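Structure record follows, encoded as structure tokens.
Here, each number is a calculation from the coordinates, and none is a lab measurement. Since the structure is predicted, the reported quantities are computational estimates derived from the model, not experimental observations. Positions of Cβ are generated from backbone atoms using ideal geometry, with glycine treated the same way; all protein chains shown enter the neighbour counts.
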Amino acid sequence: MPGEISLPPAEPLNVLMIALGDEILTGWGDVRERHIEYAGRVNHLHVIAYSPRRRGLSTTRISEHLTVYPTRSTTRPGFILDAFHIGAAICRETPVHVITTQDPFTTGLAGAWLKHRFGIPLHVQNHSDFFDNPFWLAESPLRNRAFNLLGRWVLRRADTCRVVNTAEKAKYVRMGIPEERVAVVPVPVRLERFTPEGVPGEEAALRAALDLPPGAPVVLWVGRPVAVKALPVLIDAFSRVLSWHPEAYLVLGGDFSARGGLVEQVALSGLTERVRFAGRIAHEDLPAWYRLASIFALPSRYEGFGMVLVEAAACGAPVVAARSAGAQEIVLDGETGLLYTVDDAADMAEQIRALLSDPARARQLGERARAHVAERFDRAKGLEAIIREWQRTAATAR
């Protein structure tokens, strides 16, 4: 059974990871902390991270068991070759038992080349819902169709694969990847930091900072406002909600400096007085924002996992989310939250209206959601599951 194979205690596990970004060095979210925890469970974790040369980052030993090598790439495509050269140097200098890549495309290609060159077992991760996804393919038809083919090529060369939802695993099996080679392992979430209880005066302080009246309902979204998050749908839905609940506010947390079109949509919709752009929110501050929310909304067209749904639910916030693969992995429709048809603003508005009109039901869904994620997404079990996958991959060499 997957997870039961492990390396002998006498053979320490050295892992080479190829990462899509340098957040582990820049400190975004809990990425650094998570990888320190991974590294503490193996002999050494070497992380090659895509990083533009302009950032000026350098190789950094973050902990006794974790070293990060920024690629300092001059171009994004050049990252693949940069990652291969750095990885080759590491493999020549130290025993590496497993290569793990953060996606089946660019990092996956670099990992497949390293496997071919050094004969090291390859573990390919996928944190989203990419393959044959019509929304993803439509974003950049030529590029993403090429990636769709590249990803299949990489997966056929992987010894094991990790996905974060069961729908993506089903796709792999349909593509001919043996089921036993694919494990569903969600992203570990530190749930103990996300609780319904805050410090005294916390909500009042946030309301004052945002100029929100006491008791006014708040629909909250937080994240990176990229196209896949479908924020125009949320803004459209909220404008409809106001016809039923004119006292409500929409709070958007994230860096909107490059998304002027969304700010313009809010203005053209006459929502300026009812929408608050809260700016980028530090990860450690998120629990207070989730506790502020009457409803947490996630309109993403596709999500692999949806960590914010787990965090919001752990804080007891009722959630309304688009029916993506990741959301369906977390939200039990009608029991721990409400799901709606992707890109259907009218349907989203109806689900938000239903909860704002029935606060008792909303609280009940929030309480059930909290219990559900506490049982399903234990962080320690998630961390150990990832290490077991690396051990299982390394064992294929024998």
Next on the checklist: I'd like the Karplus ³J(HN,Hα) series for segment 40-48: coefficients 6.51, -1.76, 1.60, θ = phi - 60°, whole numbers in Hz, and an x wherever there's a Gly or Pro.
Outcome noted: x, 9, 10, 6, 7, 10, 9, 10, 8
Checklist entry - Between segment 127-155 and segment 204-252, how many Å separate their Cα centres? => result 32
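If I take R0 = 22 Å and measure r between the Cβ atoms of T74 and E284 in this structure, what FRET efficiency does the formula 1/(1 + (r/R0)^6) give, to the nearest 0.05? Don't jump to the answer; show the numbers that get you there.
Details: r = 34 Å, r/R0 = 1.54.
With R0 = 22 Å, the Cβ-Cβ based efficiency is 0.05.
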Checklist entry - What angle, in degrees between 0 and 90 and rounded to the nearest 10, separates the Cα long axis of helix 106-118 from the longest principal axis of the Cα atoms of the chain? => result 10
Checklist outcome for this item: For the chain, longest principal axis from Cα atoms; helix 141-157 axis from its Cα atoms; angle between them, nearest 10 degrees, is 50
Checklist outcome for this item: Pseudo-spin-label distance R61 to E93, built 7 Å along Cα→Cβ, given in nm, is 1.1
Next on the checklist: As an exercise, use a Förster radius of 41 Å and the Cβ-Cβ distance of A146 and D211 to find the FRET efficiency, rounded to the nearest 0.05.
Outcome noted: 0.30
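Treat the count of other C-beta atoms within 10 Å as a stand-in for reagent exposure and order D343, D358 from fewest to most. Intermediate results must be reported in sequence, preceding the final value.
On the way: D343 15, D358 12.
Final ranking by Cβ density, sparse to dense: D358, D343.
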Item to check | Segment E180-D358, length gained on full extension (0.36 nm per residue, minus Cα span) | outcome: 59.6 nm
Checklist outcome for this item: To the nearest 10 degrees, the tilt of helix 359-376 (Cα long axis) against the first principal axis of the alpha carbons of the chain is 10
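Calculated FRET efficiency, R156 and S257, Cβ-Cβ r, R0 51 Å, to nearest 0.05? Walk me through the intermediate numbers first.
Details: r = 41 Å, r/R0 = 0.81.
Approximately 0.80, to the nearest 0.05.
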Checklist entry - Would you list M348, M175 from fewest to most Cβ contacts within 10 Å? => result M175, M348
Checklist entry - Over the Cα atoms of the chain, what Rg and Dmax result, in angstrom? => result 21.8, 67
Next on the checklist: If neighbour count is taken as other Cβ atoms inside 10 Å, put S51, S357 in order from fewest to most.
Outcome noted: S357, S51
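Would you kindly state how much longer the chain becomes between A397 and E335 on full extension, computed as 0.36 nm times their sequence separation minus their alpha carbon distance, in nm to one decimal?
17.9 nm
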Checklist entry - So, in nm, how far is label T272 from label E139 when the simple model puts each one 7 Å beyond its Cα toward the Cβ? => result 3.2
Checklist entry - Using a ≥ b ≥ c from the Cα gyration tensor of segment 195-376 (square roots of the eigenvalues), is it rounded, prolate or oblate, where a/c under 1.5 gives rounded and otherwise the larger of a/b and b/c decides, a/b for prolate? => result rounded
